[in-house]
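Just so it is clear, none of the values below were taken in a lab; they were calculated from the coordinates. Predicted model, so just to flag it, every value in this text is computed and none were measured. Here the Cβ is made from the backbone with ideal geometry for all residues, glycine too, and neighbour counts use every protein chain on show.
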Amino acid sequence: MRAAAGTALQGLFAVYKPPGMHWRALKETVERHLIKDLNSLKRPEPRQQICFQPTTSEMETGRKELTLTVSQVPMLADHPLVSGPVFTQLKIGVGSCLDMQSSGVFVLGVGYGTKLLKDWYNAHLTKAYTVNGVFGKATDDFSDTGRLIEKSTFDHVTRETLERMVSVIQGSNHKALLQPPPSLGFLPRRLYSQPKESEEPESSEPLCFTKSSANPRRFTTRQSMGSDHKQPLWRALLISLTFTLLLLWCYLRPETEIDRRAEELLQFLQVIPQQEELPPSVPSGEDEKKP
């Protein structure tokens, strides 16, 4: 029965939100009461298991004999103190949030109803708001619980003047609702597309450009290697000293097998062009055959 009740609890419903209560606290209160009511329903009967229990029986000779008796006992895993409550949480969604001091209809969705909240919000249903106020007093946060900062008389406020002001406000709202949307040029730009202040011209005057001959830039050793500030003297000395030590090591190091083979290869490469330049020789003991 509990599982059927939890499965059937689907859809949208409305509750009343009192003033001075946060909407999140109201949602948690409704969820807590629903879980409490679902867990208070009748639990299903516990499952039975076959158990072999030892029993003693007295024989005719007076001796006692131990026997096993088959019996059915409820499973301890289904006991409420072992399994705990069946429902611990419910999937509840909020339709539209209300302020702390506001009161009224608060729409909630349970189960599959949480997916319908978006469609309900996009339907733009008609909403009615009632505003309560007190004449002659003003607070710092425009609420009845704020700090009083101003007091005044309100004998000059009549019903006709109040209705006239309300009509003006209502007319401006209807005009803003029915007017066409602004053009793209008046829409606010994103931060990444806004130009910098230095790039915008100060006036609407046209910009003037001057032509000049292109002079090729000449680079010197000082400019290519860097100035004294960019290339310190100790770094240039270190590079020169490293290069000098490398040359001395190449000149003074002992000759190795690789050096000898490299020298033989160079000599062989020098002999090959000389052999190609020599003309072909004819053996002295043979005469040319005439046809």
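Under the Karplus relation 6.51 cos²θ - 1.76 cosθ + 1.60, θ = phi - 60°, what is the ordered set of whole-Hz ³J(HN,Hα) values for the stretch 83-93, x standing for Gly and Pro?
The phi angles translate into 7, x, x, 6, 10, 10, 7, 10, 8, 10, x Hz.
Under Stokes-Einstein, with the Kirkwood radius over Cα pairs standing in for Rh, what whole-number D in µm²/s applies to the stretch 21-89 at 10 °C and 1.306 mPa s?
97
Using every alpha carbon pair in the stretch 131-177, what percent of pairs falls into each 10 Å bin from 0 up to the bin containing the largest distance?
Going out from 0 Å in 10 Å bins, the stretch 131-177 shows 23, 36, 35, 6 percent.
With r as the distance between the Cβ atoms of residue 173 and residue 28 and R0 = 35 Å, compute the FRET efficiency 1/(1 + (r/R0)^6) and round to 0.05.
0.50
Select from the stretch 55-122 those GluC sites (Glu not before Pro) which occupy a DSSP coil region and have at most 16 other Cβ atoms within 10 Å, ordered by residue number.
60
For a footprinting-style exposure proxy, rank 117, 265 by other Cβ within 10 Å, fewest first.
265, 117
In the stretch 131-177, if the dipole is taken from +1 on Lys/Arg beta carbons and -1 on Asp/Glu beta carbons about the Cα centre, which of 168, 133, 152 is farthest to the positive end?
168
For the stretch 15-61, which chymotrypsin sites (Phe, Trp or Tyr not before Pro) pass both filters: DSSP loop (anything but H, G, I, E, B) and at most 14 other C-beta atoms within 10 Å?
When the chymotrypsin sites (Phe, Trp or Tyr not before Pro) of the stretch 15-61 are filtered for loop state and at most 14 Cβ neighbours within 10 Å, nothing remains.
Once phi is turned into ³J(HN,Hα) by the Karplus curve 6.51 cos²θ - 1.76 cosθ + 1.60 with θ = phi - 60°, what whole-Hz value does each residue of the stretch 11-18 show in order, with x for glycine and proline?
Values, residue by residue: x, 10, 8, 10, 10, 9, 9, x Hz.
So which of 42/115; 118/175; 36/127; 27/115; 36/91; 151/175 end up more than 24 Å apart, counting from Cα to Cα?
Beyond 24 Å: 42/115; 118/175; 36/127; 151/175.
What is the fewest-to-most order of 257, 163 by other Cβ atoms lying within 10 Å of their Cβ?
Going from sparsest to densest Cβ surroundings: 257, 163.
Return the long-range amide H neighbours of residue 104 (sequence gap of 5 or more, or a different chain), with a cut-off of under 5 Å between placed amide H atoms.
The list, which skips near neighbours in sequence, is 17.
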